[in-house]
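S.K.: Before anything else, here's the structure in question.
Computed from the coordinates by the stated procedures, all read-outs in this text should not be read as laboratory data. Predicted model only: the values in this text are computed from it and were never measured. So basically every Cβ, Gly included, is an ideal-geometry build from the backbone, and we count neighbours across all protein chains shown.
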Amino acid sequence: MLQNFLLLRSLHATAVFIQYSVCLQIPAPHKVQPLGIEYVELAGDKKATEEWIGTDKLPLRWIKGSPGIKAVGIKTEAGTIVLQ
């Protein structure tokens, strides 16, 4: 799953996924427990991005607009929290 991935945006607005060998966890109080990343919403060149990073395990959603990461959906027991 995507729990050990850090999602960054490069100078060319291409998503970069970096996997760490250690789990980066910082304790933080939550009103609801986050269960993982439900989706990442992107705009840009869908074909080129999917060829570059693959699509087999990534919950990507595509929208029209200028290239970049537009939103991330965080799955919780109470529903989805959307970061835009």
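S.K.: What ³J(HN,Hα) values, in whole Hz, does the Karplus curve 6.51 cos²θ - 1.76 cosθ + 1.60 give for segment 36-42 when θ = phi - 60°, with x put for Gly and Pro?
M.R.: With coefficients 6.51, -1.76 and 1.60, one gets x, 8, 7, 7, 10, 9, 10 Hz.
S.K.: Show me, for segment 68-76, the HN-Hα J-couplings you get by feeding each phi into the Karplus relation (A = 6.51, B = -1.76, C = 1.60, θ = phi - 60°), rounded to Hz, glycine and proline as x.
M.R.: Going residue by residue, I get x, 7, 9, 6, 9, x, 9, 7, 9 Hz, with x marking Gly and Pro.
S.K.: Where a ≥ b ≥ c are the square roots of the eigenvalues of the C-alpha gyration tensor, would you call segment 31-84 rounded, which needs a/c under 1.5, or, failing that, prolate if a/b is larger than b/c, or oblate? Present the calculation step by step, with values, prior to reporting the outcome.
M.R.: Working: a/c = 3.86, a/b = 1.84, b/c = 2.10.
Oblate shape, in that a/c is at least 1.5 and b/c is the bigger or equal ratio.
S.K.: In terms of modelled amide H atoms, which long-range or inter-chain residues lie less than 5 Å from the amide H of L60?
M.R.: Under 5 Å from the amide H of L60: V40.
S.K.: So which lysines can K64 reach, going by Cα to Cα under 19 Å and dropping same-chain residues fewer than 8 places off?
M.R.: Cα-Cα hits under 19 Å: K46, K47.
S.K.: If Lys and Arg each add +1 and Asp and Glu each add -1, what is the summed charge of the other residues whose beta carbon sits under 14 Å from the beta carbon of K57?
M.R.: Around K57, the charge tally is -3.
S.K.: I need T76, T49, T55 ordered by Cβ neighbour count within 10 Å, fewest first.
M.R.: With the sparsest Cβ surroundings first, the list reads T55, T76, T49.
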